[in-house]
1. Using 0.36 nm times the number of residues separating B:A69 and B:W106, minus their current alpha carbon distance, what extension gain do you get?
2. What average number of partner chain Cβ atoms lie no more than 10 Å from the Cβ of the residues making up A:94-107?
3. Seen from all sides and averaged, what is the projected area of the convex hull of the Cα atoms in chain C, in nm²?
4. Magnitude of the Cβ-charge dipole of chain B, K/R +1 and D/E -1, about the Cα centre, nearest 20 debye?
5. Using only the alpha-carbon atoms of region A:37-113, report the extent along each of the three principal axes, biggest first, to the nearest angstrom.
6. Could you size up the charge dipole of region C:28-112 around its Cα centre, putting +1 on the beta carbon of Lys and Arg and -1 on that of Asp and Glu, and report it in debye to the nearest 20?
7. Just how many pairs of Lys in region B:30-108 have C-alpha atoms closer than 20 Å, counting pairs that are eight or more places apart or on different chains?
8. With viscosity set to 1.002 mPa s and temperature to 20 °C, compute the Stokes-Einstein D of the protein assembly as shown, Rh being the Kirkwood radius across alpha carbon pairs; µm²/s, no decimals.
Amino acid sequence: MSAHADPHDDHHGHDHPHAEIVHSGRPGYYEIMETAVRELLVERRLIGADEIRRQIEVLDSRTPALGARVVARAWVDPDFKERLLADGRTACEELGISFYDDTGLIVLENTDRVHNLIVCTLCSCYPRPVLGLPPDWYKLKPYRSRAVSEPRAVLAEFGTVIPDDVEIRVSDSTAMVRYLVLPRRPAGTEGWGEEELAALVTRDTMIGVAPVELTIAGAER
Amino acid sequence: MTQTEMLLKRLPNDIGGLDGGPIQRVEHDLEPWEKRCHALADVLDFHKILNTEEKRRGVEALGAEMVGALSYYERWIAAFANILFAKRILSPSELAAKMDEVAARWEAEPRL
Amino acid sequence: MTIIERDERVVSAMGEMPSFEVGARVRISQRHPVGHYRVPLYLRGRDGVIERIIQPAGIDNEEEAYGRNAGSKLHYYRVAFAMAQLWPGYAAASRDSLHIEVFETWLERMGE
């Protein structure tokens with residue numbers, strides 16, 4: 001097995017990315033715990049083994065490509081965009097994206113006057129039904145602590161500079177509503193089809209840490 | 001406010017506005033057990049055996065040291081164990097016995 | 001619920017109607033509950049404006065964390081705060097803002 005950096009949150013202010021080197025695939029203590037808990041619950045018929053397998057398929061099926069499709073549709077269809085901004089979940093459901101965790105969705109539109117950024121300071125709330133699982137950095141202390149108090153500095157670390165006359169709105173998720181940023185459509189894409197447009201929209205643009213850039217369909221982020 | 005008051009008044013996860021240091025753009029593909037752990041959380045919430053907010057509270061209740069030392073999904077499974085004990089769905093000795101059984105099974109037939 | 005014609009005979013029950021309207025000026029309560037909370041410390045006692053009423057009414061997530069899976073539903077609100085008000089040192093002239101969902105029990109109406 002390869003070593004992998006397994007960073008985790010340290011609220012005392014010192015992040016210790018700790019590399020966990022797994023020798024010859026031996027499961028760690030917590031993996032054994034997960035297996036044991038699951039097997040006991042299945043034995044007691046409190047959950048079904050198939051239910052876990054099915055939910056893994058659900059999780060694997062949710063990727064930023066779904067969010068990108070929503071964004072591209074909003075860019076080309078003004079009526080859809082209006083519905084999306086009024087009720088994000090219902091509009092996503094129109095496109096076949098189900099909300100398996102029963103959360104709501106508010107879609108936040110970036111304009112030439114307003115730039116939106118999403119965060120969950122208390123944990124890791126994230127629009128999983130439409131974006132998949134969040135990246136580690138979204139769940140770690142530096143982003144969670146600083147996105148609400150110094151968003152411009154945080155954005156600059158992502159290489160995103162927002163002019164002073166543009167208002168930054170940070171949304172901190174805490175309850176049953178999730179947020180998705182509707183990034184601005186880049187210039188030079190007039191007449192593009194939805195698929196081409198969706199290929200430009202990366203995960204980070206829907207979190208709000210980066211703008212959509214006009215590139216050839218490239219690095220998956 | 002005294003130091004010990006503050007420990008109760010600020011949950012270990014309530015870090016908005018604190019010093020955070022530079023952002024490290026780390027991400028990793030989930031280990032299979034981590035994905036199973038996430039799926040387990042979703043299934044437990046679906047049945048309301050252990051809802052998502054209970055999970056959040058359970059992670060906080062691990063306390064500052066464990067929140068700092070354990071990885072994201074390690075915190076989840078530790079919290080699940082504690083909550084399932086409190087609800088008398090599992091007992092600590094049952095879980096310990098099953099964990100020994102799982103470990104022994106792996107030793108007998110290791111697989112990658 | 002979207003009311004088109006008000007019927008004066010109807011009295012709504014607890015939790016049916018939101019207590020705050022969009023645009024209402026509110027203050028986040030200054031209290032320190034023991035145990036699980038979902039209103040970060042950085043917002044306690046701060047003044048904001050109701051931006052959106054979240055529908056439908058929901059369970060108090062601070063109670064949900066202890067196993068309440070139904071009942072006692074009230075509204076959550078998306079509340080807007082000025083960054084310059086939250087953080088000393090934030091550019092006073094900035095129009096940057098912070099938005100967060102807050103359960104009704106944490107909100108107090110500000111006088112006009």
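Every number here is computed from the coordinates shown, using simple stated rules; none is lab data. Because the structure is a prediction, the values reported are computed rather than measured. Cβ placement follows ideal geometry from the backbone for every residue including glycine, while neighbour counts extend to all protein chains displayed.
1. Fully extending the segment from B:A69 to B:W106 adds 10.7 nm.
2. 2
3. If I average the Cα hull's projected area over directions, I get 9.0 nm².
4. 320
5. Projected onto the principal axes, the Cα atoms of region A:37-113 cover 55, 23, 19 Å.
6. 80
7. Number of lysine pairs found: 5.
8. It diffuses with D of about 92 µm²/s by this estimate.
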